[in-house]
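The values are calculated or read from the model by the stated rules, or taken from the named source; none is laboratory data. Nothing here was measured: the structure is a model prediction, and the numbers come from that model. Here the Cβ is made from the backbone with ideal geometry for all residues, glycine too, and neighbour counts use every protein chain on show. What goes into the accessible areas is simple: the full protein's heavy atoms, side chains included, and nothing from ligands, DNA or RNA. Shrake-Rupley method; radii C 1.70, N 1.55, O 1.52, S 1.80 Å.
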Amino acid sequence: MDIWKHGKYTDLWSVVHFLSGFLLGVTFFALDYTFLSALLTSTILLLLWEVFEWITKISEPSINVTMDMVFGLAGFFMGACLYYFLHIPFEILHFSIILTATLLLSFWGFFDFLKKGYR
């Protein structure tokens, strides 16, 4: 079973998009962005990532691209809920753990992509 191959709606990359959105929300909170400016900037960055995938000819079903954005924004809203609205104190350790998990998953998926040549 190819766990990194792009699915019709979701795939293992959906986890990476969710965690990336979460990290964006937390990062912009730590940088004192307002909620609305963090939401706008995160949305633009998530969209630019999808454009980058399109430019590099990483082909996915259109609904999968849409779901990548949904998962990324869901991650952002999870982070925003914790930090902007519930006022959880920012912990660099928690951030580091999530960043490490995101990077490990991303590298694993990327190397699988190079090995199997998914396009």
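Check every one of the helices (runs of 4 or more DSSP H) wholly within segment 1-97 and list those with 2 or more residues that are of a type in the set (Phe, Trp, Tyr) and open to solvent by less than 70 Å² (accessible area, probe 1.4 Å). Break it down stepwise before answering.
Values: elements: 13-30, 35-55, 62-80.
The helices (runs of 4 or more DSSP H) meeting that bar are 13-30, 62-80.
Conditions: (1) touching a residue at least 40 places away in the same chain (Cβ under 8 Å); (2) under 23 Å from THR100 (Cβ atoms). SER42 meets all but one. Number of the miss?
(1)
Taking PHE111, is it open to solvent by 100 Å² or more (accessible area, probe 1.4 Å), part of a helix (DSSP H, G or I), at pLDDT below 90 and not hydroxyl-bearing (Ser, Thr, Tyr)? Step through it out loud before you land on a result.
Working: open to solvent by 100 Å² or more (accessible area, probe 1.4 Å): yes; part of a helix (DSSP H, G or I): yes; at pLDDT below 90: yes; not hydroxyl-bearing (Ser, Thr, Tyr): yes.
For PHE111, the condition - open to solvent by 100 Å² or more (accessible area, probe 1.4 Å), part of a helix (DSSP H, G or I), at pLDDT below 90 and not hydroxyl-bearing (Ser, Thr, Tyr) - is met.
Looking at segment 46-67, is at least one residue at pLDDT 95 or above and within 22 Å of PHE85 (Cβ to Cβ)?
For segment 46-67, residues at pLDDT 95 or above and within 22 Å of PHE85 (Cβ to Cβ): present.
List the number of the failed condition for GLU53; all other conditions in (1) under 15 Å from PHE110 (Cα atoms); (2) touching a Phe, Trp or Tyr at 6+ places or on another chain (Cβ under 9 Å) hold.
(2)
Could you list, ordered by first residue, the pairs with Cβ atoms under 9 Å in which the first is in segment 89-110 and in contact (Cβ under 8 Å) with a residue 24 or more places away in the chain and the second is among the aliphatic types (A, V, I, L, M) and exposed (fewer than 12 other Cβ atoms within 10 Å of the Cβ), at least 6 apart or interchain?
So the pair list comes out as GLY109/ILE3.
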